[in-house]
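Down below is the structure, laid out as structure tokens.
Rule-based calculations on the coordinates, nothing more; no lab input. The structure presented is a predicted model; accordingly, all values stated were derived computationally and were not measured. FYI the Cβ positions are ideal-geometry reconstructions off the backbone, even for glycines, and counts take in every protein chain you see.
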Amino acid sequence: MLGSFRDLIPIIVVIGVFQLVVFRQPLDNFASVAVGLALVVVGLTLFVFGLEAGLFPVGEGLAHAFAKKGSLPWLLAFAFSLGFGTAVAE
């Protein structure tokens, strides 16, 4: 969880600077924002844990299989498909 919070610090700083320096207004409901931030940290932690447990091993296995097969066209097609799918998901 600490790693997820560390990853969110730049976003928190940017929002805080704009809120306090540019808009010159305090947060309307700090408690609600703090609870929301805690939920984001928990959700991000669970998401990353799920990726590491489920998808990363599958991707690593596919990468090793492609490397062993030595087929550049299939490797490029797989890499393009993975990149395209990631871009669409975002």
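Within the listed set Ala63, Ala77, Ala34, the Gaussian network model of the chain (springs between alpha-carbon atoms below 10 Å) gives the highest mean-square fluctuation for Ala77. Taking 0.36 nm per residue of separation and subtracting the Cα-Cα distance, full extension of the segment from Arg6 to Leu62 would add 17.1 nm. For the chain, the longest principal axis of the C-alpha atoms and the axis of helix 2-17 are separated by about 50°. For the chain, trypsin sites (Lys or Arg not before Pro) are listed when DSSP marks them as loop and at most 11 other Cβ atoms sit within 10 Å of their Cβ; the list is Arg24. Which angle between 0 and 90 degrees, to the nearest 10, do you get for helix 30-50 versus the longest principal axis of the chain when only C-alpha atoms count? Roughly 10 degrees between the two axes. With q set to 0.22, 0.24, 0.27 Å⁻¹, the log10 of I(q)/I(0) for the range 7-51, from the Debye formula over equal scatterers at the Cα positions, is -0.81, -0.89, -1.00. Label positions at Leu39 and Val13, each projected 7 Å from the Cα along the C-beta direction, are separated by 2.7 nm. Computed from the Kirkwood radius of its Cα pairs, the Stokes-Einstein diffusion coefficient for the chain at 4 °C and 1.567 mPa s stands at 78 µm²/s. Relative to the longest principal axis of the Cα atoms of the chain, helix 72-89 runs at roughly 20 degrees.
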